[in-house]
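The values are calculated or read from the model by the stated rules, or taken from the named source; none is laboratory data. Treat the numbers as computed from the prediction; the structure is a model and nothing was measured. Note that we place each Cβ from the backbone using ideal geometry, even for glycine, and neighbour counts take in every protein chain shown.
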Amino acid sequence: MTAIEVRGATKRYGDVTAVSDLDLTVEEGEVYGFLGPNGAGKSTTIDMLLDFVRPTAGEVTVLGHSAREESVAIRERAGVLPEAFGVYSRLTGRQHLEFAVESKEVDDDPDAILERVGLAGEEDRRAGDYSKGMRQRLALGMALVGEPDLLILDEPSTGLDPNGAREMRTIVSEENERGATVFFSSHILGQVEAVCDRVGILREGSLVAEDSVEGLREAVGTESTLHVTVESVDEDALEAVRTLDGVSRVRVDGTTVTVGCDDSAKTRVIGALEEEGTSVVDFETQEASLEELFVAYTEEVDDEAGGGEEAAS
Amino acid sequence: MTWIAVARKDVRDAIRSYWLWGLAAVLSLLLAIGPLLIVGGFIQMSQPQNGNAVTTDVYVQLMLGVLSFFVPIAAIILAYESITGERDSGTLKLLLSLPHSRLDVVVGKALGRGAVVTTAILIAFIVAAVTLLATPLEFAAANFLGFALLTVVLGLAFVGLSVGFSAAAGTSRRAMLGTVTMFVLFTLIWSSFASGLIRLLRENTDLTSETLVPLHLFVKILNPTEAYQTLVVSLLSGDPFFARVSLSGGSGLQGAINRQAYAEALGGSVPFYLSDPVVALVLVFWIVVVPLAGYWVFEESDL
């Protein structure tokens, strides 16, 4: 069964279209990263999954239930970390967890969950005195109550320091291993790269790409960068490299030669250097960073034709 | 249905915010001043009838007007933000991330705030009872208890009204505007509106007093504060007919003339639709129907 199925969902606010004819499928058991810059429509999409807002058109099904008609049934089996939420400032951390336990009609131990999200020792403080990161941990804890089949996390790393963001990713992995499907949004690719089975990139309310991290990289066809350390730089050798098929640029900085090339050309670059009598001390390859790829997808507003071609190739 | 969890959280929050205790303290103070005024002789006591001692019914009569004003205000202040406040602070998202329906939220809030107002009113009445026991007034327990319970019902009616507006309004400011408008309507305008309506009908139609008088009274009892007052009068006098006829308004001689005219028009008996149970039903309407109407708007709106 699919965990999330969105068919032709559109959400308009007056003249503004937040989400436009969106199709999205998240399979049971996968970790799905929902990417896009701020304002792309990620939160609106998540709000439609939770029945916080109602689509202008289209169908949204979560865990086999209609988001519009059977929202409570969905939220009984889903753990949710919403975006831009507030905490009950007068209630303590433990009282928040107790409320979640009571609401989901389960018998989880609030303290155990608070410890898991890194709030041990803070249980009895008023949540109003919590920092932004602690509130985020608290809401994540509330989402984990009742071993949900699906976790919906909207920008879960908001307000977390790098350490906290890593802990959050660890929890996502643990929950996935337990069998939960995880759907989470982020505007920072680095946060999803390590844990996601698949990612979808949303731009201006539409999905512009959807694939595994590797698949996306191939789809864009970006090249690698090769850093070669040599004993001494020889002009003939550089010329030989420049003329190789698949090499796009060569740059020299001291004894380091930086070559931009296709993955397949890497060995030929090293071979050409050695053939010309240049001894290679060391080399490393650097794949195109996903961040660049993400930028390629999301910042092409001024260059739409180019973006379309690239995605299609 | 998980409204019980919502209600419990709401009460817990009210206790921690000192809302409950603050409200109970203010109402207690208000209710304790009455006996002091009576004992201090500032209020002229009604003469004992048939040689009976003066009872706490005097106190009830004194407090009736005061409470019809302050209990609605207290209930509005307590409840107008019940749902919009959560919307404004973002906790509504946290709340609705859990498996609560929006109906659970409205019902839970109405019950939670209702429980707080009920507790505060009952605490204040206990304080008042203790104070009254220290006075020479004879404690008319049944009437006093009935008065306390009807006051609770009045409080619940305005909590229901406020929760309903809070569910329907997008912001706390709008919820406050709506509830305050209703309060002003009920306390200052309703009575003139009712008499104006009747005058208009009397001047422009062939309708006689036999029709207009019961209609006037019916319009009046739709106002929860008037419904409350006439039920208390009915309780004290044991005479629903007198209670309804007294709604005709006016004081002194004019009041007596009005009552006489209304009694004649009613033909000496209370019609079914002006009976105590129907008046009580009006209060129940405000407690139940307004929150449900608010829920209906809330259910259809985006967060």
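Brief remarks on what is shown
- Segment B:175-187 residues that are surrounded by 20 or more Cβ atoms within 10 Å (Cβ to Cβ), paired with ones that are hydroxyl-bearing (Ser, Thr, Tyr) (beta carbon under 6 Å, 6 or more apart): B:Ala175/B:Tyr80; B:Ala175/B:Thr84; B:Ala175/B:Ser166; B:Thr179/B:Tyr80; B:Thr179/B:Ser162; B:Phe186/B:Thr225
- Residue satisfying all of: in segment A:15-38; free of Cβ contacts under 8 Å to residues at least 24 places away in the same chain and either more than 15 Å from A:Gly200 (Cα to Cα) or in contact with a helix residue (DSSP H, G or I) (Cβ under 7 Å, 6 or more places away or on another chain) (or both); surrounded by the fewest Cβ atoms within 10 Å (Cβ to Cβ) among these: A:Asp15
- Complete set of residues in segment A:155-181 that are of a type outside the set (A, V, I, L, M) and within 12 Å of A:Gly79 (Cβ to Cβ): A:Pro156, A:Glu175, A:Arg178, A:Thr181
- Checked against the criterion of being modelled with pLDDT of 95 or more and under 28 Å from B:Thr118 (Cα atoms), the candidates B:Ala169, B:Ala157 yield just one match: B:Ala157.
- Some residue of segment A:183-201 being outside any loop (DSSP other than H, G, I, E, B), more than 13 Å from the chain's Cα centre (by Cα) and over 25 Å from A:His65 (Cβ atoms): no
- Set A:Leu114, A:Leu97: member being closer than 20 Å to A:Leu140 by Cα, more than 8 Å from every other protein chain (Cβ to nearest Cβ) and within 25 Å of the chain's Cα centre (by Cα): A:Leu114
- Whichever residue in segment A:73-94 is under 16 Å from B:Asp13 (Cβ atoms) and over 26 Å from the mean Cα position of the chain (by Cα) and, among such residues, is surrounded by the most Cβ atoms within 10 Å (Cβ to Cβ): A:Gly93
- Filter pass, B:Val6 being crowded, with 17+ Cβ neighbours inside 10 Å, modelled with pLDDT of 90 or more, within 10 Å of chain A (Cβ to nearest Cβ) and part of a helix (DSSP H, G or I): yes
- Among the residues of segment B:58-94, the one identified as crowded, with 24+ Cβ neighbours inside 10 Å, assigned to a helix (DSSP H, G or I) and within 14 Å of another protein chain (Cβ to nearest Cβ) is B:Leu94.
Residues checked against (1) more than 11 Å from chain B (Cβ to nearest Cβ); (2) in contact with a strand residue (DSSP E or B) (Cβ under 7 Å, 6 or more places away or on another chain):
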position	(1), (2)
A:Thr44	no, yes
A:Phe52	no, no
A:Val62	yes, yes
A:Glu76	no, no
A:Leu81	no, yes
A:Gly86	no, no
A:Thr92	no, yes
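- Test: residue in segment A:263-284 that is crowded, with 16+ Cβ neighbours inside 10 Å, modelled with pLDDT of 80 or more and charged (D, E, K, R): yes
- Qualifying residue in segment B:255-274 (condition: surrounded by fewer than 16 Cβ atoms within 10 Å (Cβ to Cβ), in a helix (DSSP H, G or I) and of a type in the set (Asp, Glu)): yes
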